[in-house]
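Asks: Here's a structure for you.
Since every read-out is calculated from the coordinates, none of them should be taken as a lab result. Since the model is a prediction, treat every value here as computed from it, not as a measurement. For neighbour counting, all protein chains shown are included, and Cβ atoms are generated from backbone atoms with ideal geometry for every residue, glycine included.
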Amino acid sequence: MFYKKFIAAALALAAASASCAAQLDATFDVRADQPAAQISRNLYGHFVEHLGRGVYEGIWVGERSAIPNTRGIRNDVVAALRKLNVPVVRWPGGCFADVYHWQDGIGPRDKRPLGTNTSWGNIQETNAFGTHEFMDFVSQVGARPYVGVNMGTGTTAEGKAWMEYMTAPPGTPAAKARQQNGQEAAWDVPFVGVGNESWGCGGQMRAEFYADQYRLYQGFLHGYSKNKPFFVAAGPDSDDYHWTETVMERAMDWRERPVAPLLYNVDKPLFNGLALHFYTLASNDWFKMGDSAGFPEKEWISTLKRALTMDELIRKHSAIMDRHDPGKKVALVVDEWGTWYKAANNQPSSLYQQNTLRDALVAAVTLNIFHHHSDRVRMANIAQMVNVLQSVILTDKEKMLLTPTYHVFDMYQVHQDATHIPVELQSPQYRHGEVSIPALSVSASRGADGKIHISVANLDPHHSIKVSARLKGFTARSVTGQVLTAGAMDAHNDFDAADRFVPVALKGVAIVDGQLRAEFPAKSVTVLELQPSGTGAR
Ligand code: AHR
């Protein structure tokens, strides 16, 4: 194992230094003297849907499987996810959430009804993975559950009954069935979504209709015993600002009804989060999907350009939310984001795709953007965790690999719950053909232990970038870094060489005369760790 990792490190560094031949310069100021909002750990959330091999095979193999498992859940996948400190997992969909009837997924597994997954390729749904299995999975991973209530083909009664089933205190009539099925204590259900993409697969609703539907559901959905869930309303598709305007307007109008103060806390909006969905395609066209590997540079830059538009979307949706909710009580929850390419093996409804260095850059850029908006964006869920779209893990029968996106989530976990520190950046541009984007994407934070972490993505596939950065309000004693890079834009891990592409130590990074000096290889993601010296203030 050590030998394999040594070779991997040597190859990555050789690739990095080969591409260092051409080099650009940049500067930035790290404003530790201007600490901003806390970066919620929930920005590092994941999404799992009954889709392709995401749940079945990727997570659930069943108790009788030869693949090592705990109560049917793969041990290798759980162990890898535990290392990421996954804060929250969204389930059961996605489009699937609006056709899912939770009662089908409880009770003895051999008695559960067989169904058809009409959202994704009409494949058989065994219902072997239901509420109990999901709660077991998140608990094995060390994460918290985020469940999606079915508004599309469900009813308020069904949603209400699910909330009671999950959260009613033991001994109450509603908790009896749960106890009979093996779970005595009420589960903690901290996050509840109401409908998914209700403008699309969730019912083709207009914003006005959804807002009214949401109000209806909200009247009947609540946690029992001590459970006080954070409710997430279905939000806009990408740049649908009318949706945000309409749903936000209706979120704040408790006050308009005279009876409201008697019944509710009118300082609380009708929902706690509004979900934004945005996918990174290789173009802006859903009918021209790019390849997940073996793509030209034209698609490298177009993919990264599209990923960067997340910043504009958040700024514009936040501006609308600010008008209705200046106190920022409602969070923008980006509960589906990630890359979406042509599915492998000619199976469009599996959404299985390769994950390469380009995906690592998309993850880094997106997480940096979330950090910059951490006052409003307080939860996000990458789509999807295993074997679907931009996964952190891929499996093939008993084999498993960690993708480049996994390594970014691993390197970036130091930002979870840290204090965001603004960075003033003068980036060189990276150009290809007619397209031009900033070559650098940077974000920084200070942890409770006083260390500063700076994440840097170099989007230019040809030039390394030499940086000298001023540290304002912080004196650094030393700096170290980890970098993920490779020679090819589509470098990825294979099931037979799962450790080929891993982060390695960044060479040559230093503190010189109080400034940070580093050279970031072409097409790389780096996380630097700066140790404070003395009191840290100056
Ligand atoms: O993540 C795949 C699908 O993308 C989800 O089911 C849906 O919500 C979105 O359109």
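Asks: Which one, Leu516, Gln482, Ala498, is farthest towards the positive end of the dipole of the range 428-538 when Lys and Arg carry +1 and Asp and Glu -1 on their Cβ?
Replies: With unit charges placed on the Cβ atoms, the residue in question is Leu516.
Asks: Please list the radius of gyration and Dmax for the chain, considering alpha-carbon atoms only, with Å as the unit.
Replies: 23.3, 71
Asks: Between the helical axis of 2-19 and the dominant principal axis of the chain, each derived from Cα atoms, what acute angle in degrees is found, rounded to the nearest 10?
Replies: Relative to the chain, helix 2-19 is tipped by roughly 60 degrees.
Asks: Mind checking which lysines have their C-alpha under 28 Å from Lys342, skipping anything on the same chain fewer than 8 residues away?
Replies: Lys288, Lys298, Lys305, Lys397, Lys399, Lys523
Asks: What residues from the range 500-516 fall in the zone where the backbone N is under 17 Å from a label point 7 Å along the Cα-to-C-beta line of Thr27?
Replies: Output list for this probe position: 512-516.
Asks: Magnitude of the Cβ-charge dipole of the range 27-127, K/R +1 and D/E -1, about the Cα centre, nearest 20 debye?
Replies: 320 debye
Asks: Among Trp91, Trp337, Trp162, what is the fewest-to-most ranking by other Cβ atoms within 10 Å?
Replies: Least crowded to most crowded, the residues run Trp162, Trp337, Trp91.
Asks: While we're here: Relative to the compact globular guide of 2.2 N^0.38 Å, what is the alpha carbon radius of gyration of the range 261-380, as a ratio?
Replies: For the range 261-380, the normalised Cα radius of gyration is 1.29.
Asks: Which FRET efficiency value, to the nearest 0.05, do you get for Thr172 and Arg431 by plugging their Cβ-Cβ distance into 1/(1 + (r/R0)^6) with R0 = 45 Å?
Replies: It comes out at approximately 0.10.
Asks: Choose one of Val365, Trp337, Val377: the residue whose Cα lies farthest towards the positive end of the charge dipole of the range 41-417 (beta-carbon charges +1 Lys, Arg; -1 Asp, Glu; about the Cα centre).
Replies: So the residue furthest toward the plus end is Val377.
Asks: Could you tell me whether the range 110-262 comes out rounded, prolate or oblate from its Cα gyration tensor? Rule is a ≥ b ≥ c as square roots of the eigenvalues, rounded for a/c under 1.5, then prolate if a/b exceeds b/c, otherwise oblate.
Replies: Note, shape of the range 110-262 comes out oblate.
Asks: With θ set to phi - 60°, apply the Karplus curve 6.51 cos²θ - 1.76 cosθ + 1.60 along the range 308-324 and write out the HN-Hα couplings as whole Hz, x wherever there is a Gly or Pro.
Replies: 5, 5, 3, 4, 5, 4, 5, 4, 6, 5, 5, 4, 5, 5, 4, 5, 8
Asks: Another one. Compute the label zone of Ala36 within the range 348-370: residues whose backbone N is under 17 Å from the point 7 Å along Cα-to-Cβ.
Replies: 364-370
Asks: Taking θ as phi - 60°, what are the ³J(HN,Hα) couplings along the range 489-506 by the Karplus curve (6.51, -1.76, 1.60), each to the nearest whole Hz, with x for Gly and Pro?
Replies: After applying 6.51 cos²θ - 1.76 cosθ + 1.60, I find 4, 10, 4, 7, 8, 10, 4, 8, 9, 5, 9, 5, 10, 9, x, 9, 5, 7 Hz.
Asks: Can you return the lysines within cross-link range of Lys329? Criterion is Cα-Cα under 24 Å, with same-chain partners fewer than 8 residues away left out.
Replies: Lys226, Lys228, Lys268, Lys316
Asks: Sorted from fewest to most neighbouring beta carbons within 10 Å, what does the list Met163, Met289 look like?
Replies: With the fewest neighbours first, Met163, Met289 line up as Met289, Met163.
Asks: Might you report the magnitude of the Cβ-based charge dipole of the range 169-221 about its Cα centre, with Lys and Arg at +1 and Asp and Glu at -1, to the nearest 20 debye?
Replies: The calculation lands at about 140 debye.
Asks: Next question. Please name which of His317, Val138, Met400 has its Cα lying farthest along the dipole of the chain towards the positive end, using unit charges on Cβ (Lys, Arg +1; Asp, Glu -1) and the Cα centre as origin.
Replies: The listed residue farthest towards the positive side: Val138.
Asks: As an exercise, take the mean of 1/r over every pair of distinct alpha carbons in the range 321-392, invert it, and state the Kirkwood radius in angstroms.
Replies: Every distinct Cα pair counted, the radius reaches 13.7 Å.
Asks: OK, next. Would you calculate a helix-derived [θ] at 222 nm for the chain, using -39,500 (n - 2.57) for each DSSP H run of n ≥ 4 and dividing by the full residue count, to the nearest 500?
Replies: Estimated from H runs of four or more residues: -8000 deg cm²/dmol.
Asks: Which shape class applies to the range 424-538: rounded if a/c is under 1.5, otherwise prolate when a/b exceeds b/c and oblate if not, where a ≥ b ≥ c are the square roots of the Cα gyration tensor eigenvalues?
Replies: Note, shape of the range 424-538 comes out oblate.
Asks: Dipole size in debye (nearest 20) for the range 41-417 around its Cα centre, Lys and Arg Cβ +1, Asp and Glu Cβ -1?
Replies: 640 debye
Asks: Neighbour counts of other C-beta atoms within 10 Å: give me His407, His132, His222 arranged from fewest to most.
Replies: So the ranking, lowest neighbour count to highest, is His222, His132, His407.
Asks: Treating the angle as unsigned and between 0 and 90°, give the value, to the nearest 10°, between the Cα long axis of helix 131-141 and the longest Cα principal axis of the chain.
Replies: 30 degrees
Asks: Here's a follow-up. Explain nothing, just the number: relative contact order of the range 41-417, from Cα pairs under 8 Å at least 6 residues apart, as a whole percent.
Replies: Reported as a whole number, the value is 19 percent.
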